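Here's a structure for you.
Derivation of every value follows stated rules applied to the coordinates shown; laboratory data play no part. Since the model is a prediction, treat every value here as computed from it, not as a measurement. Here the Cβ is made from the backbone with ideal geometry for all residues, glycine too, and neighbour counts use every protein chain on show.
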Amino acid sequence: MSSTLQKLAGLFGVIFVVVAIVGFITPNGGMAMQPTDPATAAKALGMFPVNLLHNIVHLLFGIWGLAASRSWTGSKSFFTGAGVIYAILTVCGFLSPSGFGLVPLGGADIGLHAVLFEGANRADVRPAARAAGAERETDAGFAAQTFKPSRRSRRCPARRRCTSSPARSASSCARARRAPSPSGSRR
């Protein structure tokens, strides 16, 4: 079953691919490398400065999002990575609007990158994991993985009690170690 995070990664991927296509067909230089000055660069949708490298980056982000949407962990990694990258691009847009001579990052792209950072950051937030040793849930609320009991609880004679509740495991194991074995001898 596809989780909400996977659906969001797929949606981001499709949007990035469409943005790349729009950037490639932008009149006045969507396929050109220069200029990188946001004021003179070709503008996708009339407001976002783009050039060839910028469009290729959007296309790669789209492919990454689509590929990541195949699994929950891939989607999680996509949003974590995209959040970090867009935070860096937002700061770079303020420091060097011409993208150090490679891509136009200034103008309306600064705000867009900040919004993309926030969107990726919010999508990346995972629900609180249950206590250690319990089940971890995906964003849709389905158990994704059951953690294995620790080595200590696997060796414990009261294993059923140890793995039933992380809060009780230490006391259950301690009681089990203190309890006499069936033969009457203590361990």
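Consider G83 carefully, then state whether it is without any contact (Cβ under 8 Å) to a residue 40 or more places away in the chain and out of contact with any Gly (no Cβ under 6 Å at 6 or more places or on another chain). Reasoning before the result, please.
Working: without any contact (Cβ under 8 Å) to a residue 40 or more places away in the chain: no; out of contact with any Gly (no Cβ under 6 Å at 6 or more places or on another chain): yes.
For G83, the condition - without any contact (Cβ under 8 Å) to a residue 40 or more places away in the chain and out of contact with any Gly (no Cβ under 6 Å at 6 or more places or on another chain) - is not met.
Right, here's the next one. If I ask for residues that are assigned to a loop (DSSP other than H, G, I, E, B) and surrounded by fewer than 22 Cβ atoms within 10 Å (Cβ to Cβ), which ones from region 43-66 would you list? If you could, list the steps in order and put the result at the bottom.
First, the residues of region 43-66 that are assigned to a loop (DSSP other than H, G, I, E, B): 45-47, 51.
Matches in region 43-66: L45, G46, M47.
Could I ask something else about it? With the structure loaded, tell me whether T36 is under 27 Å from F100 (Cβ atoms), touching a strand residue (DSSP E or B) at 6+ places or on another chain (Cβ under 9 Å) and among the hydroxyl-bearing types (S, T, Y) or whether it fails that test.
Values: under 27 Å from F100 (Cβ atoms): yes; touching a strand residue (DSSP E or B) at 6+ places or on another chain (Cβ under 9 Å): yes; among the hydroxyl-bearing types (S, T, Y): yes.
Judged against the criteria, T36 is a match.
Are any residues in region 25-40 closer than 18 Å to L95 by Cβ and touching a Ser or Thr at 6+ places or on another chain (Cβ under 9 Å), and if so, which ones?
First, pick out the residues of region 25-40 that are closer than 18 Å to L95 by Cβ: 36-39.
Residues satisfying the conditions are T36, D37, P38.
Same structure, new question: Mind counting the residues in region 27-40 that are under 10 Å from N55 (Cα atoms) and crowded, with 16+ Cβ neighbours inside 10 Å?
Qualifying residue count for the region: 1.
What are the residues in region 98-114 that are assigned to a helix (DSSP H, G or I) and either free of Cβ contacts under 8 Å to residues at least 24 places away in the same chain or among the β-branched types (V, I, T) (or both), if any?
Of everything in region 98-114, those that are assigned to a helix (DSSP H, G or I) and either free of Cβ contacts under 8 Å to residues at least 24 places away in the same chain or among the β-branched types (V, I, T) (or both) turn out to be F100, I110, G111.
Can you give me the number of residues within region 58-82 that are farther than 14 Å from V14 by Cα and hydrophobic (A, V, I, L, M, F, W, C)?
3
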